[in-house]
1. Under 7 Å between Cβ atoms, which residue pairs at least 6 apart in sequence (or on different chains) link something in the stretch 98-111 that is over 18 Å from Glu67 (Cβ atoms) with a partner that is in a loop (DSSP other than H, G, I, E, B) and within 8 Å of the ligand (Cβ to nearest atom)?
2. Can you name every residue in the stretch 61-89 that is open to solvent by less than 60 Å² (accessible area, probe 1.4 Å) and either within 11 Å of the ligand (Cβ to nearest atom) or in a loop (DSSP other than H, G, I, E, B) (or both)?
3. Kindly provide the set of residues from the stretch 90-112 that are open to solvent by 40 Å² or more (accessible area, probe 1.4 Å), outside any strand (DSSP E or B) and within 12 Å of the ligand (Cβ to nearest atom), ordered by number.
4. Counting only residues that are surrounded by fewer than 18 Cβ atoms within 10 Å (Cβ to Cβ), β-branched (Val, Ile, Thr) and part of a helix (DSSP H, G or I), how many does the stretch 120-163 have?
Amino acid sequence: MKSTISKFFLIAFLFLGWASASAQMIKTPTPKRAKGQTDVLRLAIAPIPTVRVAFIGLGMRGPGAVERMTHIPGVEIVALCDMLEDRTQSANKILEKAGLPKAQEFYGENSWRKVTALPNVDLVYIATDWKHHAELGVQAMKDGKNVAIEVPGAMNMKEIWDLINTSEKTRKHCMML
Ligand SMILES: NC(=O)c1ccc[n+]([C@@H]2O[C@H](COP(=O)([O-])OP(=O)(O)OC[C@H]3O[C@@H](n4cnc5c(N)ncnc54)[C@H](O)[C@@H]3O)[C@@H](O)[C@H]2O)c1
(Lines give C-alpha, C1' and ligand atoms only; values in the text may rest on other atoms or scores of the structure.)
Protein backbone atom coordinates (compact mmCIF):
# COMPACT_ATOMS: atom_id res chain seq x y z
CA MET A 1 0.00 0.00 0.00
CA LYS A 2 2.77 2.36 1.05
CA SER A 3 4.70 1.73 -2.19
CA THR A 4 1.53 2.29 -4.31
CA ILE A 5 1.04 5.69 -2.67
CA SER A 6 4.73 6.57 -3.24
CA LYS A 7 4.40 5.59 -6.91
CA PHE A 8 1.26 7.71 -7.25
CA PHE A 9 3.02 10.77 -5.83
CA LEU A 10 6.08 10.20 -8.02
CA ILE A 11 3.94 10.00 -11.20
CA ALA A 12 1.88 13.03 -10.13
CA PHE A 13 5.06 15.01 -9.41
CA LEU A 14 6.58 14.13 -12.81
CA PHE A 15 3.35 15.03 -14.60
CA LEU A 16 3.11 18.41 -12.86
CA GLY A 17 6.75 19.15 -13.69
CA TRP A 18 6.19 18.31 -17.36
CA ALA A 19 2.93 20.31 -17.48
CA SER A 20 4.45 23.43 -15.94
CA ALA A 21 7.57 23.25 -18.18
CA SER A 22 5.36 22.93 -21.28
CA ALA A 23 3.15 25.81 -20.18
CA GLN A 24 6.18 28.10 -19.73
CA MET A 25 7.82 27.27 -23.05
CA ILE A 26 7.63 30.18 -25.47
CA LYS A 27 7.97 29.24 -29.11
CA THR A 28 8.78 31.84 -31.73
CA PRO A 29 9.43 31.40 -35.43
CA THR A 30 13.05 31.42 -36.61
CA PRO A 31 13.41 33.77 -39.58
CA LYS A 32 15.12 32.40 -42.66
CA ARG A 33 18.73 33.60 -42.93
CA ALA A 34 20.02 35.38 -46.01
CA LYS A 35 21.92 33.13 -48.42
CA GLY A 36 25.43 32.46 -47.15
CA GLN A 37 24.72 33.77 -43.66
CA THR A 38 25.80 31.32 -40.98
CA ASP A 39 25.38 31.24 -37.21
CA VAL A 40 27.97 32.49 -34.73
CA LEU A 41 28.02 29.46 -32.47
CA ARG A 42 31.65 28.89 -31.47
CA LEU A 43 32.66 32.12 -33.22
CA ALA A 44 36.34 32.81 -32.59
CA ILE A 45 38.10 35.94 -33.75
CA ALA A 46 41.85 36.46 -34.00
CA PRO A 47 43.48 37.06 -30.58
CA ILE A 48 43.71 40.75 -29.60
CA PRO A 49 46.91 41.39 -27.57
CA THR A 50 45.50 44.50 -25.84
CA VAL A 51 41.74 44.82 -25.85
CA ARG A 52 40.78 48.46 -26.21
CA VAL A 53 37.43 49.12 -24.56
CA ALA A 54 34.92 51.95 -24.91
CA PHE A 55 32.12 52.36 -22.36
CA ILE A 56 28.77 53.90 -23.24
CA GLY A 57 26.43 54.61 -20.29
CA LEU A 58 27.99 55.59 -16.98
CA GLY A 59 25.07 55.77 -14.56
CA MET A 60 24.66 53.29 -11.68
CA ARG A 61 26.09 50.23 -13.41
CA GLY A 62 28.72 51.56 -15.84
CA PRO A 63 31.32 52.94 -13.39
CA GLY A 64 31.51 49.59 -11.55
CA ALA A 65 32.26 47.89 -14.87
CA VAL A 66 34.94 50.47 -15.62
CA GLU A 67 36.51 49.83 -12.21
CA ARG A 68 36.48 46.05 -12.71
CA MET A 69 38.17 46.40 -16.10
CA THR A 70 41.05 48.38 -14.51
CA HIS A 71 42.13 45.12 -12.79
CA ILE A 72 42.28 43.02 -15.95
CA PRO A 73 45.68 42.75 -17.64
CA GLY A 74 45.63 43.26 -21.39
CA VAL A 75 42.81 45.78 -21.25
CA GLU A 76 43.04 49.45 -22.14
CA ILE A 77 40.07 51.73 -21.50
CA VAL A 78 40.19 54.23 -24.33
CA ALA A 79 36.79 55.97 -24.36
CA LEU A 80 34.11 56.91 -21.83
CA CYS A 81 30.71 58.14 -22.97
CA ASP A 82 27.51 59.27 -21.32
CA MET A 83 24.78 61.76 -22.12
CA LEU A 84 26.00 63.73 -19.09
CA GLU A 85 29.44 65.32 -19.01
CA ASP A 86 30.02 64.95 -15.26
CA ARG A 87 29.52 61.16 -15.52
CA THR A 88 32.29 60.79 -18.10
CA GLN A 89 34.54 62.97 -15.97
CA SER A 90 33.96 60.98 -12.80
CA ALA A 91 34.50 57.68 -14.64
CA ASN A 92 37.87 59.03 -15.78
CA LYS A 93 38.74 59.59 -12.11
CA ILE A 94 38.45 55.80 -11.65
CA LEU A 95 41.23 55.38 -14.22
CA GLU A 96 43.31 58.11 -12.61
CA LYS A 97 42.95 56.43 -9.21
CA ALA A 98 44.09 53.12 -10.74
CA GLY A 99 47.18 54.85 -12.18
CA LEU A 100 45.99 54.37 -15.76
CA PRO A 101 46.00 56.90 -18.63
CA LYS A 102 42.88 58.98 -19.03
CA ALA A 103 40.34 57.89 -21.64
CA GLN A 104 38.84 60.14 -24.30
CA GLU A 105 35.58 61.65 -23.03
CA PHE A 106 32.34 61.88 -25.02
CA TYR A 107 29.09 63.37 -23.81
CA GLY A 108 25.77 64.49 -25.25
CA GLU A 109 22.78 62.62 -26.63
CA ASN A 110 24.32 61.46 -29.90
CA SER A 111 27.96 61.26 -28.89
CA TRP A 112 27.73 57.43 -28.73
CA ARG A 113 27.75 57.43 -32.53
CA LYS A 114 31.26 58.93 -32.51
CA VAL A 115 32.35 56.25 -30.03
CA THR A 116 31.19 53.26 -32.08
CA ALA A 117 32.99 54.79 -35.08
CA LEU A 118 36.35 55.20 -33.29
CA PRO A 119 39.14 53.35 -35.10
CA ASN A 120 41.06 52.45 -31.90
CA VAL A 121 38.34 50.39 -30.17
CA ASP A 122 37.95 46.58 -30.09
CA LEU A 123 35.05 46.24 -27.64
CA VAL A 124 32.09 48.53 -26.97
CA TYR A 125 30.60 47.95 -23.52
CA ILE A 126 27.01 49.23 -23.38
CA ALA A 127 25.44 50.09 -20.00
CA THR A 128 22.85 52.66 -21.05
CA ASP A 129 19.14 52.31 -20.28
CA TRP A 130 17.33 49.36 -21.87
CA LYS A 131 15.76 51.26 -24.74
CA HIS A 132 19.11 52.02 -26.37
CA HIS A 133 20.83 48.64 -26.02
CA ALA A 134 19.97 47.01 -29.33
CA GLU A 135 20.35 50.15 -31.47
CA LEU A 136 23.80 50.86 -30.07
CA GLY A 137 24.87 47.21 -30.24
CA VAL A 138 23.85 46.86 -33.89
CA GLN A 139 25.63 50.07 -34.89
CA ALA A 140 28.79 49.13 -32.95
CA MET A 141 29.02 45.79 -34.78
CA LYS A 142 28.38 47.51 -38.12
CA ASP A 143 31.26 49.82 -37.20
CA GLY A 144 33.49 46.77 -36.76
CA LYS A 145 33.42 46.42 -32.96
CA ASN A 146 32.76 43.49 -30.66
CA VAL A 147 29.97 44.25 -28.25
CA ALA A 148 29.02 43.52 -24.64
CA ILE A 149 25.53 44.65 -23.62
CA GLU A 150 23.99 44.90 -20.17
CA VAL A 151 20.76 43.03 -19.53
CA PRO A 152 18.35 43.01 -21.27
CA GLY A 153 20.15 42.96 -24.61
CA ALA A 154 16.94 43.81 -26.46
CA MET A 155 13.33 44.81 -25.86
CA ASN A 156 11.48 42.73 -28.45
CA MET A 157 11.91 39.97 -31.05
CA LYS A 158 12.77 42.39 -33.85
CA GLU A 159 15.64 43.84 -31.85
CA ILE A 160 16.82 40.34 -30.89
CA TRP A 161 16.96 39.28 -34.55
CA ASP A 162 18.61 42.58 -35.51
CA LEU A 163 21.42 41.74 -33.08
CA ILE A 164 21.69 38.13 -34.24
CA ASN A 165 21.65 39.03 -37.93
CA THR A 166 24.22 41.79 -37.48
CA SER A 167 26.55 39.52 -35.48
CA GLU A 168 26.23 36.79 -38.10
CA LYS A 169 26.84 39.21 -40.98
CA THR A 170 29.72 41.14 -39.39
CA ARG A 171 31.23 38.08 -37.58
CA LYS A 172 31.57 40.20 -34.42
CA HIS A 173 30.91 38.99 -30.90
CA CYS A 174 27.72 40.19 -29.23
CA MET A 175 27.47 39.15 -25.60
CA MET A 176 24.70 39.89 -23.12
CA LEU A 177 26.34 40.50 -19.77
N1 LIG B 1 23.92 42.83 -15.04
C2 LIG B 1 23.32 43.26 -13.94
O3 LIG B 1 23.31 42.59 -12.91
C4 LIG B 1 22.66 44.60 -13.94
C5 LIG B 1 22.39 45.22 -12.75
C6 LIG B 1 21.84 46.46 -12.79
C7 LIG B 1 21.57 47.04 -14.00
N8 LIG B 1 21.82 46.40 -15.15
C9 LIG B 1 21.52 47.00 -16.45
O10 LIG B 1 22.49 48.02 -16.72
C11 LIG B 1 21.89 49.06 -17.47
C12 LIG B 1 22.20 50.38 -16.82
O13 LIG B 1 21.60 50.40 -15.55
P14 LIG B 1 21.86 51.61 -14.60
O15 LIG B 1 21.20 51.27 -13.33
O16 LIG B 1 23.31 51.98 -14.60
O17 LIG B 1 21.01 52.77 -15.33
P18 LIG B 1 21.20 54.33 -15.17
O19 LIG B 1 19.94 54.95 -15.67
O20 LIG B 1 21.68 54.67 -13.80
O21 LIG B 1 22.38 54.67 -16.16
C22 LIG B 1 22.25 54.68 -17.54
C23 LIG B 1 23.23 55.73 -18.06
O24 LIG B 1 23.20 55.67 -19.47
C25 LIG B 1 23.26 57.00 -19.96
N26 LIG B 1 22.70 56.99 -21.31
C27 LIG B 1 21.43 56.69 -21.69
N28 LIG B 1 21.30 56.77 -23.00
C29 LIG B 1 22.53 57.11 -23.49
C30 LIG B 1 23.04 57.36 -24.78
N31 LIG B 1 22.26 57.26 -25.86
N32 LIG B 1 24.32 57.71 -24.92
C33 LIG B 1 25.13 57.80 -23.84
N34 LIG B 1 24.70 57.59 -22.58
C35 LIG B 1 23.42 57.25 -22.41
C36 LIG B 1 22.46 57.82 -18.96
O37 LIG B 1 22.83 59.19 -19.01
C38 LIG B 1 22.86 57.15 -17.65
O39 LIG B 1 23.99 57.77 -17.08
C40 LIG B 1 20.40 48.75 -17.54
O41 LIG B 1 20.09 48.25 -18.81
C42 LIG B 1 20.18 47.68 -16.49
O43 LIG B 1 19.19 46.78 -16.85
C44 LIG B 1 22.36 45.18 -15.13
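The values are calculated or read from the model by the stated rules, or taken from the named source; none is laboratory data. Quick caveat, the model's predicted, so the values are computed rather than measured. Reconstructed Cβ throughout: ideal geometry from the backbone, glycine too, with neighbour counts over all protein chains shown. These area figures cover heavy atoms from the full protein model, side chains too; ligands, DNA and RNA do not enter into them. Shrake-Rupley method; radii C 1.70, N 1.55, O 1.52, S 1.80 Å.
1. Close Cβ pairs (under 7 Å, with a partner that is in a loop (DSSP other than H, G, I, E, B) and within 8 Å of the ligand (Cβ to nearest atom)) amount to Tyr107/Met83; Tyr107/Leu84; Gly108/Met83; Glu109/Met83.
2. Taking the stretch 61-89 and keeping what is open to solvent by less than 60 Å² (accessible area, probe 1.4 Å), we get 62-66, 69-70, 74-75, 77-82, 88.
Hits for the stretch 61-89 are Gly62, Pro63, Gly64, Ala65, Thr70, Gly74, Leu80, Cys81, Asp82, Thr88.
3. Across the stretch 90-112, the qualifying residues are Ser90, Glu109, Asn110.
4. The qualifying residues number 1.
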